[in-house]
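Report on the structure given below.
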Amino acid sequence: MSPDPSPAQRAEVLERRLHDHGHVDPEEISATVAAAESASGNTASPALGARVVARAWADEAFRARLLAEPVATLSEYVPQAIPIAVLENTPAVHHVVVCTLCSCYPSGLLGNPPAWYKSFEYRSRVVREPRAVLAEFGTEVGPGVELRVHDSTAEQRYLVLPLRPPGTDGWDEERLAGLVTRNSMVGTGHPLGPPATAG
Amino acid sequence: MWNDPAVDGAHDLGGMHGFGPVPIETDEPLFHEPWEGRVWAMVAAVRRGITIDRFRATIEQMPPAEYLTSSYYERWLWAAERLAAEQGLLERSAPPPESPLPSPATPAGSGRFAVGQRVRVRNAVTAGHTRVPRYLRRQVGAVQRVACAWPNPGESAATGRYGEPEVVYTVAFAGADLFGPGADHTVTADLAESDLEEER
């Protein structure tokens with residue numbers, strides 16, 4: 001008996017058969033993968049999310065519009081196909097996003113989720129013991145800060161708007177964007193720079 | 001395939017014990033093997049003629065032991081193979097008619113429940129696709145906001161087409177109600193009107 005085919009072999013067979021009938025184009029697949037792997041600040045990627053967050057920190061009118069009309073405002077950067085809401089962290093509330101059932105993520109803004117977001121460990125544990133999970137990311141949230149864990153159980157995506165780090169007065173958007181990490185937009189991290197004083 | 005209950009499948013992980021530390025990578029490649037990226041891109045083609053809910057529901061049909069021992073893109077590959085066959089994409093060239101996503105700007109309107117109202121999650125256990133995680137069934141929470149309007153996922157998984165939009169609410173639950181007195185956090189979930197009932 002021959003051993004079971006590997007995933008790579010199965011993927012190759014599937015691609016060949018779909019290509020035989022004109023449902024996929026191998027060159028297009030290569031181009032799509034390459035584009036995802038090299039996404040920059042103008043397409044869905046953490047860099048694009050960082051630009052949005054930095055602008056919200058620097059521009060009060062934009063922040064208000066982002067919170068009130070997130071789909072329309074974010075669609076100015078890249079069209080949003082799925083409803084998306086913005087969760088604003090405050091000194092009293094810290095938001096964290098998960099999808100316990102699969103891997104729903106604001107991909108339309110941030111690109112594909114990282115492996116940890118899709119892991120069984122994160123999906124099972126963050127709704128039950130968020131403080132312990134955040135500690136594994138090296139992220140502390142003070143005992144006086146309410147933790148809100150958002151389980152993405154519907155076609156409603158979330159972007160966390162983290163707290164602007166102190167000591168950044170007068171910084172321009174580009175400099176601020178450099179402090180915005182991908183994890184700070186999912187809630188498992190804080191922005192870089194002077195440690196956030198929340199809590 | 002729809003004879004197998006998806007409810008309480010291995011995918012329904014929220015609140016489960018026993019999983020270890022979160023695997024946090026330092027280099028974080030988007031794809032760990034070349035075939036993963038190709039499967040990711042191919043899924044767009046096998047999903048074109050159906051709904052995202054049917055794609056998810058297909059993954060949920062994976063036997064639990066296999067689900068828990070497969071990598072993320074192995075689960076995608078498993079579903080892609082089945083969805084390609086199911087739609088006849090491996091035998092013929094005519095692509096299935098597209099099932100376009102509803103507009104994300106669909107007005108949610110006002111539904112049955114008001115913001116602040118206490119609601120209970122229905123204990124509707126059916127053999128089919130649901131977006132109600134088991135850790136929330138029968139729990140009482142408060143409506144925080146109307147999130148959006150979207151076709152019912154159970155229906156769209158079964159038919160492969162998007163139906164009429166239904167009001168979806170963000171409901172907030174006290175962590176202590178879900179996981180005991182040690183839990184001082186809040187959990188919110190986005191639940192369809194048909195998944196909720198008034199709590200008296």
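Coordinate-derived values only; no laboratory data. Quick caveat: nothing in here was measured; it's all calculated off a predicted structure. Glycine also receives a Cβ, built like all others from the backbone with ideal geometry; neighbour counts cover every protein chain displayed.
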Residues (surrounded by 24 or more Cβ atoms within 10 Å (Cβ to Cβ), within 7 Å of another protein chain (Cβ to nearest Cβ) and either within 17 Å of the chain's Cα centre (by Cα) or outside any helix (DSSP H, G or I) (or both)) located in segment A:108-129
A:Y122, A:R123, A:V127
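Yes or no, residue by residue, for (1) in contact with a strand residue (DSSP E or B) (Cβ under 6 Å, 6 or more places away or on another chain); (2) of a type outside the set (V, I, T); (3) facing chain A (nearest Cβ under 10 Å); (4) farther than 30 Å from A:A34 by Cα:
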position: B:G15; (1), (2), (3), (4): no, yes, yes, yes
position: B:G18; (1), (2), (3), (4): no, yes, yes, yes
position: B:G37; (1), (2), (3), (4): no, yes, yes, no
position: B:R47; (1), (2), (3), (4): no, yes, no, no
position: B:R56; (1), (2), (3), (4): no, yes, yes, no
position: B:Q61; (1), (2), (3), (4): no, yes, no, yes
position: B:S70; (1), (2), (3), (4): no, yes, yes, no
position: B:W78; (1), (2), (3), (4): no, yes, yes, no
Consider A:T139 carefully, then state whether it is in a loop (DSSP other than H, G, I, E, B), in contact with a Lys or Arg (Cβ under 7 Å, 6 or more places away or on another chain) and touching a residue at least 24 places away in the same chain (Cβ under 8 Å).
no
Within segment B:111-147, track down each residue that is surrounded by fewer than 16 Cβ atoms within 10 Å (Cβ to Cβ), of a type outside the set (K, R) and without any contact (Cβ under 8 Å) to a residue 40 or more places away in the chain.
B:A114, B:V115, B:G116, B:N123
Matching residues in segment A:44-74 - criterion: being surrounded by 17 or more Cβ atoms within 10 Å (Cβ to Cβ) and either among the small types (G, A, S) or on the phi > 0 side of the Ramachandran plot (or both)
A:A44, A:S45, A:A47, A:G49, A:A50, A:A54, A:A56, A:A58
Limited to segment B:3-52, what total is found for residues that are charged (D, E, K, R), loosely packed, with under 15 Cβ neighbours inside 10 Å and on the phi < 0 side of the Ramachandran plot?
3
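Yes/no per residue for (1) facing another protein chain (nearest Cβ under 8 Å); (2) over 18 Å from the mean Cα position of the chain (by Cα):
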residue: B:L30; (1), (2): yes, yes
residue: B:E86; (1), (2): no, yes
residue: B:L89; (1), (2): yes, yes
residue: B:S103; (1), (2): no, yes
residue: B:A108; (1), (2): no, yes
residue: B:N123; (1), (2): no, no
